[in-house]
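First comes the structure, then the notes that go with it.
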């Protein structure tokens with residue numbers, strides 16, 4: 001699928017209980033097998049401290065860019081169906097979960113509906129979402145700034161690439177035949193010589 005045929009949307013995936021790595025593999029496979037959706041890029045897996053509710057285990061997070069012909073509402077429904085299919089139960093806001101899939105951006109659209117907002121209303125506050133997204137789409141503009149610029153403006157302590165989880169994800173996707181069909185990069189971004197993000 002080409003980006004001209006639809007919209008490039010950014011999704012954020014996260015989880016911190018159970019086998020999150022396997023949930024990521026399954027979620028990505030399910031998203032990619034859906035009609036009207038193709039994966040354009042996939043970030044490394046990041047280990048991140050909890051946000052909002054702090055008395056819980058660290059999270060694993062990643063970002064993906066999908067090319068889709070689905071309207072935003074249908075993409076949200078797909079994401080929620082994948083979460084439910086993997087056993088996600090919504091018990092408490094910002095609480096522990098096996099899998100969470102958020103629409104971070106939907107092309108250049110601004111959507112403000114009660115249960116669907118794009119760009120995600122807290123994206124620019126969250127290093128756990130910005131860091132993976134900046135790896136695969138640093139020049140993506142949100143709120144008049146690039147994702148890379150927003151990342152320099154938030155607290156990033158504890159947000160790090162998890163090389164083992166990234167390698168496991170790549171292996172899991174390859175075992176499912178997913179990596180062969182999609183342009184997937186799980187390489188950590190190069191570190192600038194001057195130490196800037």
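The values are calculated or read from the model by the stated rules, or taken from the named source; none is laboratory data. Predicted model, so just to flag it, every value in this text is computed and none were measured. Neighbour counts are summed over all protein chains in view; Cβ atoms, including those assigned to glycine, are modelled from backbone coordinates with ideal geometry.
Any idea which residue in the stretch 136-166 is farthest from the chain's Cα centre (by Cα), counting only those that are under 16 Å from residue 59 (Cβ atoms) and part of a helix (DSSP H, G or I)? Only one residue fits best here, namely 164.
Table: residues versus (1) exposed (fewer than 13 other Cβ atoms within 10 Å of the Cβ); (2) at pLDDT 90 or above; (3) touching a helix residue (DSSP H, G or I) at 6+ places or on another chain (Cβ under 9 Å).
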| site | (1), (2), (3) |
| --- | --- |
| 142 | no, yes, yes |
| 154 | no, yes, yes |
| 182 | no, no, yes |
| 190 | yes, no, no |
| 193 | yes, no, no |
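Exactly one residue out of 122, 90 is modelled with pLDDT under 95 and more than 24 Å from residue 142 (Cα to Cα): that is 90. Only one of the numbered conditions (1) within 25 Å of residue 125 (Cβ to Cβ); (2) in contact (Cβ under 8 Å) with a residue 24 or more places away in the chain; (3) part of a loop (DSSP other than H, G, I, E, B) is not met by residue 11, and that is (3). Within the stretch 23-48, being under 12 Å from the mean Cα position of the chain (by Cα) and part of a loop (DSSP other than H, G, I, E, B) holds for 43, 44, 45.
The residues in the stretch 103-113 that are part of a strand (DSSP E or B) and within 17 Å of residue 40 (Cβ to Cβ) can be counted, and the count is 4. Filtered by the rule that a residue be in a helix (DSSP H, G or I), touching a residue at least 40 places away in the same chain (Cβ under 8 Å) and surrounded by fewer than 18 Cβ atoms within 10 Å (Cβ to Cβ), the stretch 49-89 gives 73, 85.
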